[in-house]
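Here's the structure, in structure tokens; my notes come after.
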Amino acid sequence: MKLKLGVPKGSLQDATFALFQRAGFSFRVSSRSYQPVVDDDEIEPILLRPQEIPIYVQDGVIDAGLTGLDWISDCGAKVREICELRYSKLTSNPIRVVLAVHNDSPYQSVKDLAGKRIATEYVRLTQRYLQENHVEAQVEFSWGACEVKVPTLVDAIVVNTETGSSLRAHNLRILETLLTSTTRFIASEIAMADPWRAEKIDSLKILLEGAMNASRLVGLKMNLPVAHKDEILGQLPALHQPTLSPLSDKDWLAAEVILEERQVRELIPSLKRAGATGLVEYPLNKVVY
């Protein structure tokens, strides 16, 4: 048996393959193929645009997939959300789906766009947002590159942004945020009703979440004199209890702890000055709670 898995093609592709690599799966794909190869005989991966994945999952054409909450919301697909995976193409931050206009335009809110023209890939999401705000405007589908259409072709756009750099480069400003979105691992109800597929999907969830947990953490090893144990370990953040092991020299202990990576750059010099030696920082692939 195989699990048909939709993998997002495009901007999320490299980040998704990197996440799976940390989870223990190696994906390969040629530039001319939509059929990746993975070193797991029980998975049949298919490269798809993230916009398409929710519908294919809903209809049971594929069993599961990774896509953004933005695309699930846009198409209104009925799918089972397995877990949230907070990664995007550049950072671990959520993306925002925003309404944007040219800096020189007079518009200050969605209310000002009544009767105007809006270009977007998120047609249904935009239409719902306008209805919720009691605004009638013309919404047209755009095949990407919405930023270049303002203000010569359209009055406003609805696009996703991670850093805002593309909007700033095109002299655009954000009026409102329609949705904050992260990547979601989803499955069809049909797949979840099948015991084998449900167990495979749960195994993937455990490994992918473990890889996500590890992405912001590192391990830290050190040796410390018993006489200064309390002083040295007292510098570790609260709730981080190290594993302690005796060394052949009874006056020394080995300690090992998992910490957020950003904490370690400040801790290592401080721990060294307090008497710790043999400090080793190492990366983690998976942390499963």
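The values are calculated or read from the model by the stated rules, or taken from the named source; none is laboratory data. The shown structure was predicted, so the numbers you read here are calculated from the model rather than taken from an experiment. Using ideal geometry, Cβ is built from the backbone for each residue, glycine included, and neighbour counts are taken over all protein chains shown.
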_Matching entry among Asp63, Asp59 (being more than 20 Å from Asn285 (Cβ to Cβ), modelled with pLDDT of 95 or more and under 21 Å from the mean Cα position of the chain (by Cα))_ = Asp63
*Leu172 passes all but one of (1) within 24 Å of Thr16 (Cβ to Cβ); (2) buried (at least 16 other Cβ atoms within 10 Å of the Cβ); (3) in the same structural domain as Val135 (by TED's automatic domain parsing); which number fails?*
(1)
*Residues of the stretch 77-89 being at pLDDT 95 or above and part of a loop (DSSP other than H, G, I, E, B), which ones?*
Ala77, Lys78, Val79
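Matching residues to (1) in the same structural domain as Ile206 (by TED's automatic domain parsing); (2) within 27 Å of Phe20 (Cβ to Cβ); (3) not in a strand (DSSP E or B):
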position	(1), (2), (3)
Leu224	no, no, no
Glu231	no, no, yes
Lys250	no, no, yes
Val264	no, yes, yes
Arg273	no, no, yes
Val288	no, yes, yes
*Which of the residues belonging to the stretch 90-122 are assigned to a loop (DSSP other than H, G, I, E, B) and among the hydroxyl-bearing types (Ser, Thr, Tyr)?*
Thr91, Ser92, Ser105, Tyr107, Ser109, Tyr122
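Does Ser11 satisfy the condition of being assigned to a loop (DSSP other than H, G, I, E, B), closer than 30 Å to Pro283 by Cα and over 17 Å from the mean Cα position of the chain (by Cα)?
Working: assigned to a loop (DSSP other than H, G, I, E, B): yes; closer than 30 Å to Pro283 by Cα: yes; over 17 Å from the mean Cα position of the chain (by Cα): no.
Against the criterion (assigned to a loop (DSSP other than H, G, I, E, B), closer than 30 Å to Pro283 by Cα and over 17 Å from the mean Cα position of the chain (by Cα)), Ser11 does not qualify.
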